[in-house]
Amino acid sequence: MKLFRNFILILTVAAVLTSVNTAFSADKISKVLILPFNIHSEKDLSFLQKGIGEMLSTRLAFENRVITTGKGDPKIAAEKLPAAIDEKAALIFGEKTGADYVLFGSLTVFGDSISTDAKFFDVNKKSQLVVINEFGSSQGDVIYHINVFAARINETVFGRKTISAQAPSRQAAQQQPSGKDQRPDSRKNPEEMWSKESGIKMAYDEALTGSGEPAAVLWKSKKFETKMKGIALGDVDGDGKIETVFADDHNIFIYRQTAGKFEKIKEINGKSYLFYKGIDVADINGNKKAEIFVTAINDSGRVISFVLEWDGKDFKKIKDDEDWHYRVLDLPSRGGKVLFGQKGGYAGIFSQNIYELKWVNGDYISTNKETLPSGINIYGFSYGDVLNSGQEMILAFNSNEYLRLLDVNGNEEWASSEPYGGSSSYLEPAAEIEAAKKTRSDPDPRAQNRLYLPQRIIVADLDKDGKKEILVVKNIDTSGGVFSRIRIFKSGYFENLSWDNVGLSPKWRTRKFSGYISDYALGDIDNDGTDELVFLLVTQTGGSTMGADRSFVISWKTNK
């Protein structure tokens, strides 16, 4: 039941895009009374009542059109609601509050299975408008059930079209289609398909984000019960389709999304003593199959990275035990994807400068040493024509995660007034880790010189206006940064920065996502010929009282 605790995932917004054939006049505001759902379970799940009410309120409320109220409405707040609310009671409470519509329902939980029943009534006409009876084989399906219920109300009652890909009911799914509808899944429109294995697509518009964000479509994968750390996209098996490669501390996941399905290609289990710190994908050796570069650290703090490549049957290591931190940047000025490396250190975390690595005679050889100011490490820098003047600039985070814009000589052109990025992934010098293992007198024997790794900086023409912009993430540390060894991230968002002749200023930002954004990339995750912003969202972390780790792969695509 812990799965419900972090119930209000902003990502599950089934949003309104356009109003068509509205069921109400432009000057009338409809009032919806949302009554507490009845919960039937062996365990106390009363906290779900509040969560479901807030979810439905978020999905149904619409400025100047629909307002919602609940059991806290002044006209019924003092009354004791019955343990089981039926149609008669619901309509009585609807009339007392002056509501135009009332909804109520129940959840029945048996083990991991859940049944959701809900009804939406017109109070004045005392007529039933929308009803759902949904069954799920997983407790997490309740979020989907509520989304379906809200989407049907928005569309059938309020005339607000959604793009949400909705699964057919269980009964409809069991019926055999006929005639032209007998299409294999691979030929169906992706927006007609949904499954908890593949993910869910949803849409929202700027009116709901309140952040000046362009209208966009979100897709969310199934739940992965682990804390994902890194993500990259590329054609790793040479079949012409883009795969999504992501990793947690010890394992690598390779998936492909086509025709609305997010299918597992391969999962590669690693060693418990080997910790993955970064993952990148690019065809550096030029054989039309992108290699997978895995930066790995052992439990003694040593860098022992490796490279995987598809050999026609499996993903095999073509390089192993490499003392390189890897990072791939997309640099059009250098012909596309470029591989960089920085050696790991012993007394310090890094021992050398950053180099470009090229494939020469069966090996990745360091060639050009990058001319970068001191203090910049491989994880937090990029290049790009940020000024849109034909001049390449350097973008990098400093040790406090403030973003800096530098010219090719290292002179600072601009620095942000607030930090960006925010990561829970860190490195410690091997020497300190080994010393801590030998000295157990300290109650906290772990290394003290901890370096939190900066997040990626992406330079690209994100809105296709012919000008380069910068995409950065901002995870919000609720600890306020007062602890050097503790970071607590509860939400994060992306910000698009552009040069305005004075500095880099926000052009737009996404809404806040509930959770921690651990890594991100630009790539064509759904193989439709258009790149999306693809990121990892960690909504729960182990060690928390909320339950086990939980992560999702999310894609964000503008409607432009």
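At a glance:
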{"quantity": "Net charge contributed by nearby residues that have their C-beta within less than 13 Å of residue 287 (K/R +1, D/E -1)", "calculated": "-4"}
{"quantity": "For the range 149-154, Karplus couplings with θ = phi - 60° (6.51, -1.76, 1.60), whole Hz, Gly/Pro x", "calculated": "4, 5, 5, 5, 5, 4"}
{"quantity": "Protection proxy ranking, peptides 522-530, 54-62, 376-384, average beta carbon neighbours within 10 Å, highest first", "calculated": "376-384, 54-62, 522-530"}
{"quantity": "Exposure of residue 408 as accessible area (Å², to 10), given a probe of 1.4 Å and all protein chains", "calculated": "80 Å²"}
{"quantity": "Per-peptide average of other Cβ atoms within 10 Å, ordering 388-395, 312-319 highest first", "calculated": "388-395, 312-319"}
{"quantity": "For the range 53-106, alpha-carbon Rg and Dmax in angstrom", "calculated": "11.4, 33"}
{"quantity": "Unit charges at the beta carbon, dipole of the range 363-443: most positive-side option, 435, 376, 397", "calculated": "435"}
{"quantity": "Point-charge dipole on Cβ atoms (K/R +1, D/E -1) for the range 244-403, about Cα centre, debye to 20", "calculated": "320 debye"}
{"quantity": "Per-selection metrics, the range 253-296 (Cα): Rg and Dmax in Å", "calculated": "13.0, 38"}
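The values are calculated or read from the model by the stated rules, or taken from the named source; none is laboratory data. Because the structure is a prediction, the values reported are computed rather than measured. Virtual Cβ from ideal backbone geometry, glycine too; neighbours counted across all protein chains shown. These accessible areas exclude ligands, DNA and RNA; they are computed on the full protein's heavy atoms, side chains included. Shrake-Rupley method; radii C 1.70, N 1.55, O 1.52, S 1.80 Å.
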